[in-house]
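Notes follow the structure.
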Amino acid sequence: LDGKFVGRQPREAIRLLNASWDLDAGIRLAKLLPDYDGVQIDNPDRLVERLSDGAEAGEPGAALALARLQLSDDQRFKNEDAARAMLKPLADAGDRDALWLYASTQYANLDSTSYRPSRREDGLSDDQLKALIDDGEARKERQAYLLQAKLLRKGVVYPQDDQKATAMLINAANLGSVEAMVLL
């Protein structure tokens, strides 16, 4: 993965990480899979089981890795409701990454070009989302700019404003958000 001995080979790393029963390998694998769409792994259910067991045992990173995987577009793992249930206690305990993931799922279909986003009944209110975004922007967190851009593009929580959304995407991209770079 780091390209220190042989060139960077993420697909080979995925294959090797998948062969291991080690939880840390599973966490690394779960972080890679959403970025490499279409890469096949043997027994995806085994990965979910390994991460679920790690999350239940309180292993750091297992629940967040599984939630990210469940929020990805990969249909083998997609399960937004389970991811949100897993993210809520992490967010409540102060995990900022979990909080941003949880907040970004407050509206279903936010990333869709075909469907109007619909607000989930549970979770954060629109005022809480605005306060979180304001706090995140004050801390220069790329997730704050990215989430605000998505909300501005769709006209939910904030009035629809493509120009301001683009400015927010630029801010997020400048802070290293690959997703913002792709959206731009």
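Counting just the residues of region 91-101 that are of a type in the set (Asp, Glu) and in a helix (DSSP H, G or I), which one comes out most open to solvent (accessible area, probe 1.4 Å)?
Residues of region 91-101 of a type in the set (Asp, Glu): 92, 95, 97.
Okay, now just the ones that are also in a helix (DSSP H, G or I), so 92, 97.
Values: Asp92: 108, Asp97: 66 Å².
Residue satisfying both the conditions and the ranking: Asp92.
Selection of first residues in region 51-72 that are of a type outside the set (Gly, Ala, Ser) and of second residues that are assigned to a loop (DSSP other than H, G, I, E, B), restricted to Cβ pairs under 8 Å at least 6 apart or on distinct chains, gives the following pairs, ordered by first then second residue: Leu64/Asp95; Leu69/Phe77; Gln70/Phe77; Gln70/Lys78; Gln70/Asn79; Leu71/Lys78; Leu71/Thr105. For region 149-177, filtering for residues that are β-branched (Val, Ile, Thr) and either in contact with a helix residue (DSSP H, G or I) (Cβ under 6 Å, 6 or more places away or on another chain) or within 19 Å of Asp126 (Cα to Cα) (or both) leaves 2. Just to check your reading of the model, which residue among Lys130, Lys140, Lys150 is at positive phi and either under 18 Å from the mean Cα position of the chain (by Cα) or free of Cβ contacts under 8 Å to residues at least 60 places away in the same chain (or both)? Within the list Lys130, Lys140, Lys150, the selection yields Lys140.
The values are calculated or read from the model by the stated rules, or taken from the named source; none is laboratory data. As the structure is a computational prediction, the values presented were derived from the model and not from experiment. All Cβ positions, even for glycine, are placed from backbone atoms using ideal geometry, and neighbour counts span all protein chains on display. Just so you know, the surface numbers come from the protein's heavy atoms only, side chains and all, with ligands and any DNA or RNA stripped out. Shrake-Rupley method; radii C 1.70, N 1.55, O 1.52, S 1.80 Å.
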